[in-house]
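One structure is given here, and the rest of the page talks about it.
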Amino acid sequence: MLANGHGVATDEAGAMEWLLKAVKKGHALASVALGRIKRAAIAGSVDFQEAEDLFRIALVDANVARLELAELYTLHSEAPQHRLDAASLLQQCYEFALEEDDKELAELCKLKSPAAVAELVRALPRMDTTMRKSAVFVTNFFTANGQPHRRRSDQIEAFWVKARAFTDIAQQASAANRTAAPALPFSPERSGPQTPGAKTASPRMRGARLALELAAKPALKQGRNDYCGCGSQKKHKACCGR
């Protein structure tokens, strides 16, 4: 009343005094009103911090403070963390407004959300890995066109269902690749039974198998660094290939 002159003479100083008293007594809406004044008069980091503190104090009892704080971050900060917080606050404000049947506030949140999400996406390149993961997580609270979802908990559950499904698919693909992997070329180290508890072939037996394999492929030239086909377990260049 004092600030706007409704029914009394305009007295901005008096209005500010009453606001400060109300804030000290813990009135959330007074904190919101004073935060708006500080936000409108921002001239430096001190004013920004004061407005931020006032809105955060009011968050507990006044849902509208989430909208006001998101607006502060959107208008007066380029920090990636504030871009992330602004989007998250708008979704929370929208959800709580629906629970409180505050249709006007819910519509304001819907109106401001697309721009906040767009700013969040533009800030991704300036984020570190941890913050970028949080930002991607927060974008799940909005539709493709930037509108907030009604229930954050539903989106969190859907996110983890997708994450678990992706993990299962990745594990199945990995197992399929291992099963379908082609056999490695014959070598004495891998020849013989591979079943747990089974006996390992002797060096002479492994050499004999290699000789049989080479005999079955006469066109295959034995390399100098291959194991000799005579079963000596020496390299070809140090045995029959000398």
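The values are calculated or read from the model by the stated rules, or taken from the named source; none is laboratory data. Here the structure is a predicted model, which means the values were calculated and not measured. No Cβ is skipped: glycine too gets one built from the backbone with ideal geometry, and neighbour counts run over all protein chains shown.
Among the candidates A97, A118, A106, the residue that is closer than 15 Å to V32 by Cβ and free of Cβ contacts under 8 Å to residues at least 40 places away in the same chain is uniquely A97.
Just one residue in the set S187, S191, S174, S134 is modelled with pLDDT under 85, polar (S, T, N, Q), out of contact with any Gly (no Cβ under 8 Å at 6 or more places or on another chain) and in a helix (DSSP H, G or I); that residue is S174. Considering (1) crowded, with 18+ Cβ neighbours inside 10 Å; (2) within 25 Å of F142 (Cα to Cα), the lone condition that H76 does not fulfil carries the number (1).
Please enumerate the residues belonging to region 79-130 that are outside any helix (DSSP H, G or I) and surrounded by 15 or more Cβ atoms within 10 Å (Cβ to Cβ). Before the answer, list the steps.
From region 79-130, those outside any helix (DSSP H, G or I) are 79, 100-102, 127-128; that's our starting set.
Result: D102, M127.
Restricting L67, L34, L54, L2 to residues that are modelled with pLDDT of 90 or more and more than 24 Å from R151 (Cβ to Cβ) narrows the list to L54.
If the condition is being free of Cβ contacts under 8 Å to residues at least 40 places away in the same chain and under 24 Å from the mean Cα position of the chain (by Cα), then region 55-71 contributes R66, L69. When R164, R150 are checked against the criterion of being surrounded by 10 or more Cβ atoms within 10 Å (Cβ to Cβ) and assigned to a helix (DSSP H, G or I), R164 stands alone in meeting it.
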